[in-house]
Amino acid sequence: MNSLSVRALLVRGMLAGLAAGLLALVVAYVLGEPRVDAAIDFEDAHAHEHGEEVFSRTLQSTGGLATGVLVFGVAIGGIAALAFCVALGRIGRFGPRATAALVSLGALLTVYVVPFLKYPANPPSIGDPDTIGKRTALYFLMIALSVLLAVAAVILGKRLAPRLGNWNATVVASAAFLVAVGLAYAFLPAVNEVPKDFPAMLLWKFRLAALAIQVTLWAGFGLVFGYLAERLLVPKAAAAEPRSAGVDNKAAAAH
């Protein structure tokens with residue numbers, strides 16, 4: 001793949017990330033914001049002191065939310081497009097759409113689901129402000145470990161495939177990934193700062209909404225980027241076929 005193709009795919013990845021961000025924005029506004037408002041109401045009802053708001057809640061739930069989700073969508077779209085360039089043709093005989101779907105699924109699992117199971121999302125009213133640095137560092141460490149372990153599992157599966165076959169190699173590599181993630185879960189410290197009187201149903205709905213936003217984002221990206229990547233990469237070979245066929249027909253007619 002030449003530099004022009006990589007650049008074109010990078011642009012398409014960012015556009016696909018923007019489109020996926022718009023879909024995720026709708027889900028975040030419909031499912032996430034009501035839970036955030038309920039969590040803030042809980043915090044206000046239990047807090048003795050109220051800090052001064054720099055930005056109004058209305059601005060946070062509209063312009064702030066849109067900016068954050070769309071910028072994040074464009075950023076992960078570009079990164080995922082580069083990962084697609086690396087993965088295409090190296091993880092099996094998959095076309096652009098299938099490769100885009102696999103990259104999106106892998107990113108959802110490694111970047112969000114695996115860290116989420118260890119450090120699930122919490123509403124803004126939960127957590128000690130003094131520990132926010134530690135909690136953030138642990139979360140990003142879990143993301144880094146998850147991605148590195150996933151890459152290692154793919155490499156392991158590729159090396160085992162000639163001896164064990166694709167299916168058995170995939171099973172062994174997946175099992176190794178799960179064991180390694182389990183060890184990371186066991187050794188990394190737990191974080192549990194949920195107040196005892198915080199509504200369990202609200203916490204559950206908030207976490208489901210957070211998961212739904214990420215699923216929408218990555219599913220939307222996989223579908224849109226797969227379509228754009230296929231239009232960029234496949235028609236070139238398809239367009240060359242009719243031309244070569246036409247030349248052959250002319251040559252046959254001449255004979």
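The values are calculated or read from the model by the stated rules, or taken from the named source; none is laboratory data. Since the structure is predicted, the reported quantities are computational estimates derived from the model, not experimental observations. Here the Cβ is made from the backbone with ideal geometry for all residues, glycine too, and neighbour counts use every protein chain on show. Just the protein is used for accessible areas: all its heavy atoms, side chains included, with ligands, DNA and RNA removed. Shrake-Rupley method; radii C 1.70, N 1.55, O 1.52, S 1.80 Å.
Please compute one quarter of the surface area of the Cα convex hull for the range 105-150 and express it in square nanometres.
Values: hull surface 13.1 nm².
Average projection, Cα convex hull of the range 105-150: 3.3 nm².
Lys196 to Val234: extension gain in nm, 0.36 nm per residue of separation minus the Cα-Cα distance?
Extra length from Lys196 to Val234 when fully extended: 8.1 nm.
Magnitude of the Cβ-charge dipole of the range 175-236, K/R +1 and D/E -1, about the Cα centre, nearest 20 debye?
180 debye
With every protein chain present, what accessible area does Ser104 have (1.4 Å probe, heavy atoms only), rounded to the nearest 10 Å²?
Roll a 1.4 Å probe over it and Ser104 shows about 10 Å².
Using the alpha-carbon centroid of each, what span in Å lies between the range 99-175 and the range 191-236?
That distance is 14 Å.
For Thr136, Thr99, Thr131, give the ranking by accessible area with the largest first, probe 1.4 Å.
Thr136, Thr131, Thr99
Take each of the peptides 194-205, 32-43, average the number of other beta-carbon atoms within 10 Å over its residues, and list them starting from the highest.
32-43, 194-205
How much length is gained on full extension from Leu164 to Ala186, taking 0.36 nm per residue of separation minus their Cα-Cα distance?
Gain in length upon complete extension: 4.9 nm.
In terms of the ratio Rg/(2.2 N^0.38 Å) built on C-alpha atoms, what value belongs to the range 79-133?
Against the compact-globule rule of thumb, the ratio is 1.63.
Using a 1.4 Å probe and ignoring any ligands, DNA or RNA, find the accessible area of Phe225 and quote it in Å² to the nearest 10.
The value for Phe225 is about 0 Å².
Which three semi-axes in whole Å describe the equivalent ellipsoid of the range 59-179, each the square root of 5 times a Cα gyration tensor eigenvalue, listed largest first?
33, 20, 10
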